Amino acid sequence: LTGAITLDPGYKNSGSCKSAITFLDGEEGVLRYRGYSIEDLAEKSNFLEVAYLVIFGELPTQTQIEKFENDIRKHTLVNEEMKGIIDGFPKHAHPMGILASLTCALTAFNPKVVNAECEKDMYEAVCKIMGKFLVVATWTYRKINGYPLNYYDNTMPYVDNFLQLMFKLPTGPYKVNPVVLNAIDKLFILHADHEQNCSTSTVRMVGSSHAGLFASISAGVSALWGPLHGGANQAVLEMLEEIQKDGGDANKYLAKAKDKNDPFRLMGFGHRVYKNFDPRARIIKKAADEVLAELGVDDPILKIAKDLEEMALKDEYFVARNLYPNVDFYSGIIYRALGIPTEMFTVMFAIGRLPGWVAQWKEMRVNKEPIGRPRQVYVGEPLRPFKEMNER
Ligand code: SDX
């Protein structure tokens, strides 16, 4: 599992890269952040610690994590003029579109160019985006529901603040259910990084032109939005709800997913790299069972998901193509049980993935990676003489 990978000499242009952040083995279903297994981190750590690990390379000491949390608190106020941008969106706007816009807009209010090679500068930029991104991400939910925007409470821990920012009413603090809090913290850990996936590669590519951190992260949000990537967690729930509405016949949808003439795909199944079980899906499935039991939620959608999974894992088409449930298959079910609205599922993914995006952007800049410039295989017309209008 630790065999060195030989990069082709052209790798500098191909968009692939060397990274010391996340190791995954798609055949063995192994995922590690900075050498620590995802199973250990999900079980024994918490999201802010994992964010520190992913970004700075080591699990923090008690002093370091307290300093990190306090330094984030220095940057949790978002410029009030940002509200003018939010007011400009229609209520039916998708939260991911609002988030991509607000993240890029943060550049206008934080114009200082990040000198990634200066540790102090980079550390301040990390704390700033960790604070402000969480706030604007929850503002997307408040906006589409017409609720007043909440402010970060510097007396509360980071993930508790997510719940306050999302659900706190003017009447007083939101009552946090420890089961919900623990599940959300674990979900954020499981999403923290995943080597060179579509959105992370986008962040590295945009950042390689020395575009700013906020602009690069905004590009990552846009890439994550797609239903083939982070948008799949919302698409899974919409698919399960459609199956439920259609009488709960999972078999019918399995057949659709196998029909070459039908564009329908089983959302939450398959992966560019994992040709085995996605280790995160295993952990989330177990957490979903525990959370629904502890919350006393009997969600028929969960039964449909389990039927679908059971059938697909025995189905020749899926087995032959190594199609297993991925991180998005169960995450939507647990988010729904936790009271997170469907349209916010991919924003949840973005909040969890932020530390990975930041870590990869930092690594790319500190390593002075060249500007990303993938090449192509040209398959177009050979040289040909110009045609005058009357010859066309
Ligand atoms: C994420 O890269 C990452 O790390 C991403 C991610 C992260 O943490 O950042 O892990 C998060 O994006 C997870 C993936 C979420 N997406 C979905 O669940 C959408 C549904 N999945 C598919 O769209 C698909 O599986 C992909 C996009 C995820 C992967 O596509 P691949 O590897 O390019 O697979 P493929 O298109 O080459 O398919 C191989 C075969 C094809 O059939 P044949 O042409 O060989 O006959 O498998 C079929 C595909 O049609 N296939 C599916 C399928 N996925 C692939 N058939 C039905 N349902 C599916 N979901």
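Qualifying trypsin sites (Lys or Arg not before Pro) in region 36-138, where qualification requires a DSSP coil assignment and no more than 11 other C-beta atoms within 10 Å, comprise 91, 112. Looking at region 291-392, the GluC sites (Glu not before Pro) that sit in a DSSP loop and have at most 16 other Cβ atoms within 10 Å of their own Cβ are 388. Using the Cβ of residue 149 as centre and a radius below 10 Å, the other residues enclosed give a net charge of +2, where K and R count +1 and D and E count -1. The eigenvalues of the Cα gyration tensor, multiplied by 5 and square-rooted, give region 192-298 an equivalent ellipsoid with semi-axes of 31, 19, 13 Å from largest to smallest. Return the Rg/Rh value of the chain, two decimal places, where both radii are evaluated on C-alpha atoms and Rh is the Kirkwood radius. The Rg/Rh ratio comes out at 0.99.
Multiplying the residue separation of residue 371 and residue 25 by 0.36 nm and subtracting their alpha-carbon distance yields 121.8 nm. Taking 0.36 nm per residue of sequence separation and removing the Cα-Cα distance, the residue 307/residue 80 pair yields an extension gain of 76.9 nm.
Comparing 159, 377, 273 in a Gaussian network model of the chain where C-alpha atoms under 10 Å apart are linked, the largest mean-square fluctuation is found at 377. Each listed q (0.22 Å⁻¹) maps to a log10 I(q)/I(0) for region 173-218, found by the Debye formula over equal Cα scatterers with no solvent: -0.76.
Put simply, the convex hull of the Cα atoms in region 11-161 casts, on average, a shadow of 12.0 nm². For the chain, complete DSSP H runs whose alpha carbons reach 15 Å or more along their own long axis and whose mean Kyte-Doolittle score is -0.5 or higher are 95-109, 119-144, 178-190, 213-225, 232-245, 279-295, 300-314, 327-337, 345-366.
Over the chain, DSSP H runs of length four or greater, each weighted -39,500 (n - 2.57), average out per residue to a 222 nm ellipticity of -17500 deg cm²/dmol. Distance between the pseudo-spin-label points of residue 242 and residue 171 (7 Å out from Cα toward the beta carbon): 3.9 nm. When the pairs 67/186; 18/368; 83/132; 143/168; 256/314; 18/275 are compared against a 19 Å limit on Cα-Cα distance, 67/186; 18/275 fall above it.
GNM on the chain, C-alpha springs below 10 Å: top fluctuator among 108, 192, 100? Highest fluctuation of the listed residues: 108.
Laboratory data are not the source of any read-out in this text; all were calculated from the coordinates shown. As the structure is a computational prediction, the values presented were derived from the model and not from experiment. Heads up, the Cβs are rebuilt from the backbone with ideal geometry, glycines too, and the neighbour counts pull from every protein chain shown.
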